[in-house]
1. Kindly express, to the nearest 10 degrees and within the range 0 to 90, the angle between helix 16-26's C-alpha long axis and the longest C-alpha principal axis of the chain.
2. Restricting attention to the alpha-carbon atoms of segment 232-349, what are Rg (one decimal) and Dmax (integer), both in Å?
3. Using the per-residue mean of other Cβ atoms lying within 10 Å as a proxy for protection, in what order, highest first, do the peptides 182-195, 131-144 fall?
4. Based only on Cα atoms, what mean projected area does the convex hull of segment 6-204 have, in nm²?
5. Just going by the charge dipole of the chain, with Lys and Arg at +1 and Asp and Glu at -1 on Cβ, which of 105, 445, 13 is farthest out on the positive end?
6. Taking +1 at the Cβ of each Lys and Arg and -1 at the Cβ of each Asp and Glu, which of 403, 464, 362 sits farthest along the dipole of the chain towards its positive end, judged by Cα position relative to the Cα centre?
7. Which value in nm describes the separation of the simple spin-label points at residue 161 and residue 386, placed 7 Å from the Cα toward the beta carbon?
8. Treating each Cα of the chain as an identical point scatterer and ignoring solvent, apply the Debye formula and state log10 I(q)/I(0) at q = 0.09, 0.10, 0.11, 0.12 Å⁻¹.
Amino acid sequence: MDIDKVKLDYLKTEDYKELRIAMKAAYIGMPEEVWMEEEILNLLEKFPEGQVVIRVDDKLAGCALSIIVNHELLESTHTYDIITGGSTFNTHHSEGDLLYGIDIFIRPEFRGLRLGRRLYDYRKELCEKLNLRGIAFGGRIPNYHKYSTELTPKQYIEKVRLKEIEDPVLNFQISNDFHPSKILKGYLPEDEESGKFAVLMEWKNIYFEKPQTKAATKKKVVRIGLVQWQMRIYKDLEELMHQAEFFVDSLSGYRSDFALFPEFFMAPLMASYNHLSESDAIRELAQHSEELVNRFSELSISYNINIITGSMPEIVDGMLYNVGYLCRRDGTVARYEKLHVTPDEGKVWGMQGGSQIKAFDTDCGKIGVLICYDCEFPEVSRILANEGMDILFVPFLTDTQNGYSRVRSCARARAIENECYVAIAGSVGNLPKVHNMDIQYAQSMVFTPCDFAFPANGIKAEATPNTEMILIADVDIDLLRELHQFGAVRNLKDRRTDLYNVNKN
C-alpha cells in the first residue's frame, strides 16, 4: 500500500458521516448503528481530548473514544451499558482518575499498519498528561465462540497468552502492555462471537501521583551527596562534629537531598580509649551515639537535607550492635541495623547482628540502608526492593582493596537485580592510634541499573580513590519506573516466584 501521510487528529463534529462509514466497515456482524450522531456529539462536548481519529492520506482509517471514570467503578463487575451510562456518558467525571476506553477500531483495509498502536500510545500519553491512574476497557475475545464448549474464558485467556490459541484482539492488547484482570460476563449481550464475555484489560500509569492533601511534593530527580571521610584524630566529639557539619553544609549548598556518611566514621574518638581492650573501647565509643544522632537531626533540619549517619556502635540490653539513623529534614528519625556482622566484628568487638529490616519513606521516595557487609547478601536488598525501594544507601568501612572490591561488586549487582540506584560511601586514611582500625581503603560511588536510559557500565558517578572529598550525583526516579515496565530485561518482574521467593519473617 502506497501511503503519503498518516495523521492523528481530534475527532470533530463534521467527521460523523465518515466515522459512520468506517464503523460499519470495522464492525461487520455487529449491529448496523454502532453510534448515533447525537451520542458522538454528546461525547465530544463532555471530553473532546479523549476522542481521536487516525487518517491515512486524509481518509479516516480508525478511531478511539474514551471517558474518565473513578477507578472504584472497576471493583465490581460492570457492563458496557453501565460504564457508558446507557450511551449518555453521564458516567464521565472530569475529576475521575481512570481513562476508560469505550471504543477503538481500524478499518479492515488499513489493518496491519500498526495504526491501533498509535491510538493506544495516544491514550497512554493522555493518561500521563492528565495524571490518571491508568487505562481500562472491556476487551472482546472474538474467537472464543470456537472454544466455548471446551474452555472457560479463564482457560481461553491463558492459552491465548501462551500462544496456543490465536485471538487477534486479545493478542494485540497484550502486546500493547495491557494485562487481563477480570472476566466480565454479559458485558456486550449482542457480542455472540465473544460468548457475551469480555476481558477487563488494564494499563498502569507508572507516573501517576496521588493528589497531595498537604503542601508537599515528591521529587523526581534526587540529588545524592556522599561523604568520603578522612580518618584523622579528633580531640573530642565537638571537633568531630565540626568536620561533619562542614560536609553537611557543603552538600546543602549544592542543594543535595541526601548526605551519606560512612560506617563507623566516628572511630577516631576511640583513640581516647586505646588503653582499654578493643571490646571495651568500642563500648565506650557507644556512649557518644545518642549525642551524635541528636546533633545530626539538628543539622538535617537547619541545613534542609536528609542525613544518613553511616553507622555507630549502640548498646541495647547489654548487647552491642552496629546501627545507624536516617535523620529526615522534617525532624523525624528512623533507625536501621547491621544484620550480618563480619567475623572480625564478632570476634574482636563481640558485636551482635540486628534483626530489623525495612524500607523508609522520605520526601524523595522510598530508600533502604544496608551497612557494609549486608549488601553482600542479595536476599536483604530484595526484601527492600519488594517494599518499593528506589535508592539503596550503603555506608561501608573496608581496610583493604580486597574488602572494598567485595562491597563494590555486590553493590553494583544489587542495582541491576533490584532495578534501583545504589550509593556507597566509605572512609579513607589510617588511624595508627586506634587498635583494630589501622588502615582504610575506599572509593565512593553511585551505581545504576544497566539499560539504555542509564550509563552502559552502570556507574553514575565515582570519587577519587583514597582521597577525602564529597561526591554529588543526580538520579532520576522516573527512569526507574520506565525500566520496571519497559526495560530490555525486567529483573524485578521476571523472577521465578513459583520456584523460589524471599520473605521477611
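1. That works out to roughly 90 degrees.
2. Cα radius of gyration and Dmax of segment 232-349 are 14.5, 43 Å respectively.
3. On the way: 182-195: 16.9, 131-144: 21.1.
So the order, starting with the most tightly packed, is 131-144, 182-195.
4. On the way: hull surface 41.9 nm².
With the hull built on Cα positions only, its mean projection is 10.5 nm².
5. In the chain, that residue is 105.
6. In the chain, that residue is 403.
7. 2.0
8. -0.74, -0.83, -0.92, -1.01
Read the figures in this text as sums done on the coordinates, not as results from a lab. Quantities reported herein were computed from a predicted structural model and do not represent experimental measurements. Neighbour counts are summed over all protein chains in view; Cβ atoms, including those assigned to glycine, are modelled from backbone coordinates with ideal geometry.
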